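Structure first, then comments.
Since every read-out is calculated from the coordinates, none of them should be taken as a lab result. The structure displayed is predicted, hence computed values, not measured ones. No Cβ is skipped: glycine too gets one built from the backbone with ideal geometry, and neighbour counts run over all protein chains shown.
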Amino acid sequence: MLTPEKKEMLYEGKAKQVYATQDPSTVIVYFKDDATAFNGKKKSQIHGKGIINNTLSSLLYPYLEEKGVKTHFLRQLSDREMLVYAVDIIPLEVIVRNVAAGSMARNMGIEEGKIMKKPIVEYSFKKDELGDPMVSEDHIIALEWATEEQVSSIRAAALKVNQVLVELMEKAGLTLVDFKLEFGLKEAEVLLADEISPDTCRLWDIKTGEVMDKDRFRKDLGQVAEHYQEVLDRVKKALNA
Ligand code: UDP
């Protein structure tokens, strides 16, 4: 396989940068240590986070592929870089919830920790200026962000990711409370894109309920990188078990 050359930066987000390669069908994703919360109002760095999130995502995407989920992932290139297919990102945050927490608990006046009778898939329009408003499948189709078929692929993939990860995280001694996914289109095909990490998932210790994810940063609970590392170590072990 051709060694990818890192060319110009195409995009910089809050936690990652995307670089062109000599092959227009692939890009390099670089994971930074920058952390933001509350729509960018809280900013800091979590030392080593980029390495942990890249390593964890680089383990989870091939595992999900094995289970039949189509992703943008090609391979891990270095501790902070992965090679992925270039996709057109659909401007949605696709959130799956198993347990009430965060904005759902807040908006609906439900206690954090309430277990959902079935997983919930919800969508937010990815637009910081508007505070990522929640949208329905009808909005997505009517506004032509994705076709009806693509929306059903997204929903099916999100639920499949949930099923696979709930089981894996349980083996790792973690409750998968909720998570956010992003999808992209490659020649009209829906591929799971972005990352899966403690930045994008809520993970609680299955026995003690200890928070092991980005809420440690959001809520100033301390030892953020240590808990991210613990998640990575436990998932590695569960994958090898
Ligand atoms: N999430 C994310 N990026 C966002 C918003 C949410 O990765 O911009 C994740 C978040 O970490 C959690 C899930 O999506 O695992 C649900 O988040 P929620 O809607 O409860 O929002 P929050 O409480 O983060 O405002």
Problem set entry | Inter-probe distance in nm under a simple model that places probes 7 Å from Cα toward Cβ, at Glu148 and Lys207 | 5.1
Exercise. Considering the zone a paramagnetic label at Glu167 would reach in this model (a point 7 Å from Cα along the Cα-to-Cβ line), which residues of the range 93-110 have amide N under 20 Å from it?
Worked result: 96-99
Exercise. So if R0 is 30 Å, what FRET efficiency would Arg218 and Asn240 give, r being the distance between their Cβ atoms, rounded to the nearest 0.05?
Worked result: 0.45
Seminar exercise, completed: Comparing Met116, Met108, Met212 in a Gaussian network model of the chain (Cα, 10 Å), the one with the largest mean-square fluctuation is Met108
For this session: Return the whole-Å distance between the Cα centroid of the range 80-103 and the Cα centroid of the range 128-157.
Result: 13
For this session: Taking the Cβ of each residue in Arg202, Arg234 as the centre, tally the other Cβ atoms inside 10 Å and list the residues starting with the fewest.
Result: Arg234, Arg202
For this session: Taking the dipole about the Cα centre of the chain, with the C-beta of Lys and Arg at +1 and of Asp and Glu at -1, give me whichever of Leu92, Leu165, Leu221 is farthest to the positive side.
Result: Leu221
Problem set entry | Cβ-based exposure ranking for Asp138, Asp34, in which fewest neighbours within 10 Å come first | Asp138, Asp34
Problem set entry | Computed FRET value (nearest 0.05) for Ile120 with Leu10, which takes r as the C-beta separation and R₀ as 41 Å | 0.80
Exercise. Using a simple spin-label model with points 7 Å from Cα along the Cα→Cβ vector, what separation in nm is obtained for Arg155 and Asn107?
Worked result: 1.7
Problem set entry | Reference-scaled alpha-carbon Rg (2.2 N^0.38 Å with N residues) for the chain | 0.97
Exercise. Taking 0.36 nm per intervening residue step and subtracting the Cα-Cα distance, what contour gain separates Leu130 from Ser78 on full extension?
Worked result: 15.2 nm
For this session: Mind checking which lysines have their Cα closer than 23 Å to the Cα of Lys6? Skip sequence neighbours fewer than 8 apart in that chain.
Result: Lys14, Lys16, Lys32, Lys49, Lys186
Exercise. About the Cα centre of the chain, what is the dipole size in debye to 20, counting +1 per Lys and Arg Cβ and -1 per Asp and Glu Cβ, all else neutral?
Worked result: 680
